[in-house]
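Scroll down for the structure; my scribbles are underneath it.
The values are calculated or read from the model by the stated rules, or taken from the named source; none is laboratory data. Here the structure is a predicted model, which is why all the values come from computation and not from measurement. Backbone-built Cβ (ideal geometry, glycine too); neighbour counts: all protein chains shown. Accessible surface is based on the protein model in full, side chains and every heavy atom, while ligands, DNA and RNA are left aside. Shrake-Rupley method; radii C 1.70, N 1.55, O 1.52, S 1.80 Å.
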Amino acid sequence: MALANLTGSPQFLLLGLMDGTDDHPLLFLLFLGVYLLNALGNLSMVVLVRSDAALCSPMYYFLGHLSFVDICFTTVTVPRLLASLLRPGQAVSFQACFGQMYFFVALGITESYLLAAMSYDRAVAVCRPLRYSAVMTPRRCAALVVASWAMAHLHSLLHTLLISALSYPRSAPVRHFFCDMTVMLSLATSDKFAAETAIFSEGLAVVLAPLLLVSLSYARILVAVLGVQSAGGRRRAFSTCGAHLLVVLLFFGSVLSVYFRPSSAYSARYDRLASVVYAVVTPTLNPFIYSLRNKEVKGALKRGLRGRAALQEVYYI
């Protein structure tokens, strides 16, 4: 069936974020600004983590990879969203649609596993501070990142193959701003029970695994913090985890609300709004959530700006 889809060349019409055929220049400017802010914030975080020796701990190692994933994650969807706000109803080929879906799912799952790795790192830092360096070695951190990428791409490949093997009409309107799994399943004309069952069961395991790890990590952190006698010690422990917990709640909350419900409960308007939260808003907020209350990141940023100013002074002299 996938070969028939390729040879039959079905096309999909992306209707975009809003229903109708009108362009939306103000929304275009808004999302363009958000996208540029996302690129600036996450790229700055990647550069800081790579260049500043003070940010060489495992937490910032994971944060650097998370920022890189966030840049790619929004780049998969936002440029086409911007185009649809100026020209709604753009035709997308079968190959382009499922290519976009593959990378979107792979990057989204990579982000969830990186968030789980970061929660594990915070649990070790709070619960076993004396053994932190021995547990979170550079080799183990690299293994966690590689495993996150590998698991995500295998998961995405399976889902893309299952959904692309279904039958689709020659020209179908997609009430979304990108080719998402739930949307493509709702458009399929062939029997999708087996594919939907496999996707739901395997996807539930893949997504709930990092969520379970996050929950267990924060349960251990909570027990450890409640055992601290001083209020100042409890406050310091919570401050190291508060930013990460906020990101986790935003990301996993919106993802679970979209993907883990039957296709009969599919709502195009709700899915588009929820998708904006986890595909656009959360990746944009991540670097600012992690840096605004983080003295080490703010110190690295100040050192970087001072170094740049010094280089400009030397140049002009």
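Kindly establish whether Arg80 is touching a strand residue (DSSP E or B) at 6+ places or on another chain (Cβ under 8 Å), at negative phi and open to solvent by 20 Å² or more (accessible area, probe 1.4 Å).
Yes, satisfied.
For the list (1) at pLDDT 70 or above; (2) within 24 Å of Asn38 (Cβ to Cβ); (3) of a type in the set (A, V, I, L, M), I need the number of the one condition that Val206 fails.
Evaluating Val206 over (1) at pLDDT 70 or above; (2) within 24 Å of Asn38 (Cβ to Cβ); (3) of a type in the set (A, V, I, L, M) leaves (2) as the failure.
Every residue, every condition in (1) touching a Ser or Thr at 6+ places or on another chain (Cβ under 9 Å); (2) assigned to a helix (DSSP H, G or I); (3) of a type in the set (Val, Ile, Thr), yes or no:
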site: Ala96; (1), (2), (3): no, yes, no
site: Leu107; (1), (2), (3): yes, yes, no
site: Tyr113; (1), (2), (3): yes, yes, no
site: Ala117; (1), (2), (3): yes, yes, no
site: Asp121; (1), (2), (3): yes, yes, no
site: Val124; (1), (2), (3): yes, yes, yes
site: Leu130; (1), (2), (3): no, yes, no
site: Arg140; (1), (2), (3): no, yes, no
site: Met151; (1), (2), (3): yes, yes, no
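Does Leu212 qualify as being more than 19 Å from Met101 (Cβ to Cβ), modelled with pLDDT under 85, open to solvent by 60 Å² or more (accessible area, probe 1.4 Å) and among the hydrophobic types (A, V, I, L, M, F, W, C)?
The answer is no for Leu212.
What about Arg170, is it among the basic types (Lys, Arg), within 24 Å of Met59 (Cβ to Cβ) and surrounded by fewer than 23 Cβ atoms within 10 Å (Cβ to Cβ)?
Criteria not met by Arg170.
Name the one entry in Val228, Val276, Val258 that is closer than 30 Å to Lys192 by Cβ, of a type in the set (Val, Ile, Thr) and modelled with pLDDT under 75.
Val258
On the basis of being crowded, with 22+ Cβ neighbours inside 10 Å and modelled with pLDDT of 90 or more, does Tyr113 make the cut?
Numbers: crowded, with 22+ Cβ neighbours inside 10 Å: yes; modelled with pLDDT of 90 or more: yes.
In short, yes.
I need the full set of residues from the stretch 11-56 which are assigned to a loop (DSSP other than H, G, I, E, B), in contact (Cβ under 8 Å) with a residue 12 or more places away in the chain and either open to solvent by 60 Å² or more (accessible area, probe 1.4 Å) or not acidic (Asp, Glu) (or both), in order please.
Within the stretch 11-56, Leu15, Gly16, Leu17, Met18, Asp19, Gly20, Thr21, Asp22, Asp23, His24 qualify.
Only residues that are exposed (fewer than 15 other Cβ atoms within 10 Å of the Cβ) and touching a helix residue (DSSP H, G or I) at 6+ places or on another chain (Cβ under 6 Å): list them for the stretch 136-156, please.
none
Could you please let me know if Thr75 is in contact (Cβ under 8 Å) with a residue 60 or more places away in the chain and open to solvent by 50 Å² or more (accessible area, probe 1.4 Å)?
No; evaluated as a whole, the condition is false for this residue.
Just checking, how many residues over the stretch 104-117 are of a type in the set (Phe, Trp, Tyr) and either closer than 13 Å to Met151 by Cα or within 8 Å of the chain's Cα centre (by Cα) (or both)?
The total comes to 1.
Looking at (1) of a type outside the set (Asp, Glu); (2) open to solvent by less than 50 Å² (accessible area, probe 1.4 Å); (3) modelled with pLDDT under 85; (4) under 23 Å from the mean Cα position of the chain (by Cα), which is the one condition that is false for Ala195?
Of (1) of a type outside the set (Asp, Glu); (2) open to solvent by less than 50 Å² (accessible area, probe 1.4 Å); (3) modelled with pLDDT under 85; (4) under 23 Å from the mean Cα position of the chain (by Cα), only one is false for Ala195: (4).
Between a first residue in the stretch 207-235 that is farther than 30 Å from Leu107 by Cβ and a second residue that is open to solvent by less than 70 Å² (accessible area, probe 1.4 Å) and at pLDDT 80 or above, which pairs have beta carbons less than 6 Å apart while being 6 or more apart in sequence or on different chains?
Note: pairs meeting the criteria are Ala224/Val126; Ala224/Cys127.
Only one residue in Met45, Met1 is of a type outside the set (S, T, N, Q) and modelled with pLDDT under 85. Which one?
Met1
Can you name the residue in the stretch 99-108 that is of a type in the set (A, V, I, L, M, F, W, C) and farther than 16 Å from Val247 by Cβ and is also surrounded by the fewest Cβ atoms within 10 Å (Cβ to Cβ) among such residues?
So in the stretch 99-108, the residues of a type in the set (A, V, I, L, M, F, W, C) come out as 101, 103-107.
Now drop any that are not farther than 16 Å from Val247 by Cβ, which leaves 101, 103-106.
Values: Met101: 22, Phe103: 17, Phe104: 22, Val105: 25, Ala106: 24.
The qualifying residue surrounded by the fewest Cβ atoms within 10 Å (Cβ to Cβ) is Phe103.
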